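The values are calculated or read from the model by the stated rules, or taken from the named source; none is laboratory data. None of the values given here were measured: they were computed from a predicted structure. FYI the Cβ positions are ideal-geometry reconstructions off the backbone, even for glycines, and counts take in every protein chain you see. These accessible areas exclude ligands, DNA and RNA; they are computed on the full protein's heavy atoms, side chains included. Shrake-Rupley method; radii C 1.70, N 1.55, O 1.52, S 1.80 Å.
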Amino acid sequence: TGNAARTVAATTMNATSSRSHAVFQIFIKQRQMDENQNVIMDKKSKIALIDLAGSERAGTSQTSGTRLKEGGSINKSLTTLGKVIHALSEKKKHVPYRESSLTWLLKDSLGGNSRTWVCAAVSPSRDCIEETLSTLRWADRARKVQCHAVVNEDPTAKLISSLRAEIDQLKN
């Protein structure tokens, strides 16, 4: 469904240039029950797979009209993402997540309780050296963002679980 809605168009640089970002999120919930079917623990997780459209220069891709506007929007969202990553890597107090719907969507993945991996696609072509260097600088800054993933446990469920264990121990 997402791929069907994704815009792809030809430019002089790429016959099937992606004109939008793609975000695919999977929500996982694990529930642990005791022998009486009482909930002992709930664990929740989210996996986000994001395919970012690449930045482009209007002169190099020779776009105009709608394609030029799309390229401008892509570049704007990537610039905002770059600002967020810069703020996180420099450990600044204010991180501008709200400047873009993309950065707001990625808030948990970028600076929250998560593990984040980045895979950057670059071109070996001399014509793309500026884009390649820019991508590598961006990936290097993204690598410097430090997230600390820990298991989130519902304190109420944890308390109930420990109290049940204590009751069972006292019964025995």
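Residues in the range 136-162 that are among the hydroxyl-bearing types (Ser, Thr, Tyr) and either touching a residue at least 24 places away in the same chain (Cβ under 8 Å) or touching a Phe, Trp or Tyr at 6+ places or on another chain (Cβ under 7 Å) (or both): Ser161 alone. Cβ separations smaller than 7 Å between residues 6+ apart or across chains give the following pairs from the range 84-108 residues that are among the basic types (Lys, Arg) to residues that are open to solvent by 20 Å² or more (accessible area, probe 1.4 Å) and assigned to a helix (DSSP H, G or I): Arg98/Trp104; Lys107/Tyr97.
Within the range 133-158, the set of residues being within 13 Å of Thr116 (Cβ to Cβ) and of a type in the set (A, V, I, L, M, F, W, C) comprises Ala139, Ala142, Val145, Cys147, Ala149. Answer yes or no: is there a residue in the range 147-154 that is modelled with pLDDT of 80 or more and out of contact with any Lys or Arg (no Cβ under 9 Å at 6 or more places or on another chain). No. Take the conditions (1) out of contact with any Gly (no Cβ under 9 Å at 6 or more places or on another chain); (2) touching a residue at least 12 places away in the same chain (Cβ under 8 Å); (3) more than 18 Å from Lys107 (Cα to Cα); Leu133 misses just one of them, which is (2). Count of the range 155-172 residues, restricted to those that are of a type in the set (Lys, Arg) and over 18 Å from Lys44 (Cα atoms), is 2. Is the range 25-40 home to any residue that is modelled with pLDDT under 85, farther than 30 Å from Glu166 by Cα and not aliphatic (A, V, I, L, M)? No, the range 25-40 contains no residue that is modelled with pLDDT under 85, farther than 30 Å from Glu166 by Cα and not aliphatic (A, V, I, L, M). Every listed requirement among (1) under 24 Å from Ser161 (Cα atoms); (2) modelled with pLDDT of 80 or more; (3) surrounded by 14 or more Cβ atoms within 10 Å (Cβ to Cβ) is met by Ala48 save one, (1).
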